[in-house]
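To start, the structure itself, in structure tokens.
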Amino acid sequence: MVSRCCYSNHALADLPASGIVDVPLAQTGEGIAECELLKWFVKEGDEIEEFQPLCAVQSDKATIEITSRYKGKVAQLLHAPGNIVKVGETLLKLVVGDSAVPTPSSDVLESVKPPGSENSPDSKLNKDTVGGVLATPTVRNLAKLYGINLYDVDATGKDGRVLKEDVLKYAVQKGAADGPSTASVSADCREQLLGEEETYPQTFAEVKWYPDDKTVPLRGFQRTMVKTMSMAAKIPHFHYVEEINCDALVKLKASFQNNNSDPNIKHTFLPSLIKSLSMAMSKYPFMNSCFNEESLEVILKGSHNIGIAMATQHGLAVPNIKNVQSLSILEITKELSRLQQLAKDNELNPADNSGGTITLSNIGAIGGKFGAPLLNLPEVAIIAMGRIEKVPRLSDDGNVYPSPIMTVNIGADHRVLDGATVAKFCNEWKQLIENPELLLLQMR
């Protein structure tokens, strides 16, 4: 499940009896300075209870569900999904106690009016501002992208609130009258502002979109990849490539699946590869270590926490299966399935992503014979596995026969691991894959 944390570190005794409360984004983890707002679970005007989920945010390490420390009513949401919010920055305003939700003339709306508007000689609303219009941050951003003044839009929402539909309808009318001025709004912006659950096919069908260059900000796991790969590129890598006969592995997987009585379990090659990898690391512990550059020390890790690189729509995630040395192949299968589902739903928590000791990149599940992976620091080894494909082989008597072959590429930190150690480790792993019955000799 998604991790939860509260906005504020205030003690419960410090909660105000009534009034408007600014709810900031609290520290979500060590070294985290900002988060991306993924989605809101509440809207303006909603009554909320203490510890009720308010929104989901994503840091460099995990997706976190934010909960409220207060009981009250949502007065104003200050950020739209997709915004980057700094730690300590106000996410939303809450009305607690007996206070009423602010009206357009209240302090909440006064805070977003332009400077000097209070001293204007004309009491009428300034057409160049949108501060006094009732609208959510999403609608305001949408209007800004279209270049629309919210005062010009006919509001159809409750209490004169401008809705998304109102802005889109006005955009179409404006486009029909003045030309396709909305062409500069990219498809990514529309999807971000409208959300995945709301679409307006009839409206967008009338607007002509033209291809434009677009700037895509890197968020969440993508930002993490920038940092980690930039650091990894500075490490002297040594790569070792080997071919492994997977005939026995293919038969083993088929046997598992044929004797499977649980419809919720799908057997694949990967759990057997993970378990055999752990067995091989038991003989070569330096493969399961990390390097402290400052003290020039190598830390041999006791647990085999094997990370699995997973390509998701949110970027590259590398959760790890903890203590593989103590797990059965069936237990690894179940844990792998759990992590894959969490990664797909973008709900991995910090514990799932931290503490890895070696990484497997199953690039063959997508395509390609092999890759040349970069280290997932501070680990000292990473393995890229290509697809299993049948290739011709010669028998001892000279006959040609098909053989399922997988190519693996081991990337190693050459400051810690030499070629001989990596080669011997790979030979051990290869033997266990090609002869899985040998696993029985070492399993506890």
Exercise for the section: Sort the following peptides by mean Cβ neighbour count (other Cβ atoms within 10 Å, averaged over residues), highest first: 341-350, 415-424. Expected result: 341-350, 415-424
Problem - Estimated distance in nm for a label pair at L438 and Q52, the labels positioned 7 Å out from Cα along Cα-to-Cβ - result: 6.1
Practice task
Subtracting the Cα-Cα distance from 0.36 nm times the residue separation, let me have the gained length for K158 to D418 in nm, one decimal.
Solution key: 86.6 nm
Practice task
Please work out the average accessible area per residue across segment 301-436, using the 1.4 Å probe convention, and give it in Å².
Solution key: 43
Exercise for the section: In whole angstrom, note down how far apart the Cα centers of segment 236-298 and segment 65-91 are. Expected result: 43
Problem - Rounded accessible area of R140 (nearest 10 Å², 1.4 Å probe) - result: 50
Problem - Extension gain (nm, one decimal) between A33 and E243, 0.36 nm per residue minus Cα-Cα - result: 71.2 nm
Fill in the blank from the handout: Note to self: C-alpha centroids of segment 374-402 and segment 302-366 sit apart, in Å, by 22
Handout entry: Long-range HN-HN contacts of K390 with modeled amide H, under 5 Å
Key = I405
Handout entry: Cβ charges +1 (Lys, Arg) and -1 (Asp, Glu), total dipole of segment 277-398, debye
Key = 340
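Run the numbers for Y151 and K266: contour at 0.36 nm per residue of separation, minus the present Cα-Cα distance, in nm. The partial results should precede the final answer.
Details: separation 115, 0.36 × 115 = 41.40 nm, distance 5.65 nm.
So the extension gain works out to 35.8 nm.
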Handout entry: Cβ crowding within 10 Å averaged over residues, with 230-238, 369-377 ranked highest first
Key = 369-377, 230-238
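At a 1.4 Å probe radius, carbon and sulfur cover how many percent of the accessible area of segment 288-444?
Here carbon and sulfur together make up 52 percent of the probe-accessible area.
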Handout entry: Cβ-Cβ FRET estimate between D212 and K390, R0 fixed at 60 Å, reported to 0.05
Key = 0.85
Practice task
Consider a paramagnetic label point 7 Å from the Cα of M229 along Cα→Cβ; state which residues of segment 360-377 have an amide N under 11 Å from it.
Solution key: 374
Handout entry: Where labels lie 7 Å past Cα in the beta-carbon direction, separation of D397 and Q222 in nm
Key = 5.8
Practice task
Between R338 and Q431, with labels modelled 7 Å along Cα→Cβ, what's the label distance in nm to one decimal, could you check?
Solution key: 3.4
Handout entry: Pairwise FRET efficiency - S328 versus V87, Cβ, R0 = 30 Å, nearest 0.05
Key = 0.15
Practice task
With a 10 Å radius around each residue's Cβ, average the other Cβ atoms per peptide and rank 211-220, 151-160, highest first.
Solution key: 151-160, 211-220
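The values are calculated or read from the model by the stated rules, or taken from the named source; none is laboratory data. Nothing here was measured: the structure is a model prediction, and the numbers come from that model. With ideal geometry, Cβ positions are generated from the backbone for all residues, glycine too; neighbour counts draw on all protein chains shown. These area figures cover heavy atoms from the full protein model, side chains too; ligands, DNA and RNA do not enter into them. Shrake-Rupley method; radii C 1.70, N 1.55, O 1.52, S 1.80 Å.
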